[in-house]
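**Student:** For reference, the structure I am asking about is given below.
Only the coordinates and a few stated rules stand behind these numbers; no lab work does. Small disclaimer: the values here were computed from a predicted structure and weren't measured. Here the Cβ is made from the backbone with ideal geometry for all residues, glycine too, and neighbour counts use every protein chain on show.
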Amino acid sequence: MTLVVIRILIVDDSAIFREGLRAMLEAHTDWEVCGEAMNGVEGVQKNRLLKPHLIIMDLSMPQMSGIEAAAEILKDSPKVPILLLTLYLTPQITKEARKAGIRATLSKTATNHLVGGIAAVLRDEELELKN
């Protein structure tokens, strides 16, 4: 039996946040961070290049927001689940994210829910987590 390693792309303009996220994700034995991008434009390019199984995307980034980047990515890869992270999660953001095809939204202050959130998204469950 072969274990399928879930390849995750992190798109966030904060290097410190990406680093912490990578450490947390890679503590999970069957997850691997296949790449990082520092803005939406780079996220779109890295998705084409790396073909991740899941993308964790920040909402507020220079050049292209997480929602804009997600819309672009989903044109190329309509099946890739995207989890949107934001410091200020509102029902409006969740609604816009859903409209763009993003599977889940999560507050950056709720990173303790992130592992469960990723697992839920990978099982194709709808997810909206607050604090």
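**Student:** For the stretch 6-124, how many pairs of lysine residues have a Cα-Cα distance under 22 Å, where the two are 8 or more positions apart or belong to different chains?
**Tutor:** 10
**Student:** Let me ask something else about it. Among 12, 58, 30, which one moves the most in a GNM of the chain with springs linking Cα atoms closer than 10 Å?
**Tutor:** 30
**Student:** If we count other beta carbons within 10 Å of each Cβ, what is the order of 7, 103, fewest first?
**Tutor:** The most exposed by this proxy come first: 7, 103.
**Student:** GNM, the chain, Cα, under 10 Å: largest mean-square fluctuation among 39, 112, 47?
**Tutor:** Greatest mean-square fluctuation among the candidates belongs to 112.
**Student:** How many angstrom lie between the C-alpha centres of the stretch 38-110 and the stretch 1-30?
**Tutor:** Rounded to whole Å, the Cα centres lie 15 Å apart.
**Student:** I've got another one for you. Report the full-extension gain for the segment residue 60 to residue 16: residue separation times 0.36 nm, less the Cα-Cα distance, to one decimal in nm.
**Tutor:** Here the segment from residue 60 to residue 16 would lengthen by 14.3 nm.
**Student:** So what is the 222 nm mean residue ellipticity for the chain from helices alone, if each DSSP H run of at least 4 adds -39500 (n - 2.57) and you divide by all residues, rounding to the nearest 500 deg cm²/dmol?
**Tutor:** Taken over the chain, the calculation gives -12000 deg cm²/dmol.
**Student:** Figure the gain on full extension for residue 49 and residue 98 (residue separation times 0.36 nm, minus the Cα-Cα span) and round it to one decimal in nm.
**Tutor:** That pair, residue 49 and residue 98, stretches by 15.2 nm at full extension.
**Student:** Further, regarding this structure: Looking at the P(r) of the chain, how many percent of alpha-carbon pairs lie beyond 27 Å?
**Tutor:** More than 27 Å apart: 8 percent of the Cα pairs in the chain.
**Student:** For the chain, what is the relative contact order in percent, using Cα pairs closer than 8 Å and at least 6 residues apart in sequence?
**Tutor:** 19
**Student:** Would you look at the GNM of the chain, springs on alpha carbons closer than 10 Å, and say which of 83, 59, 49 moves the most?
**Tutor:** Top of the fluctuation ranking is 49.
**Student:** Treating only the Cβ atoms of Lys and Arg (+1) and Asp and Glu (-1) as charged, compute the dipole magnitude of the chain about its Cα centre; round to the nearest 20 debye.
**Tutor:** I would put it at about 260 debye.
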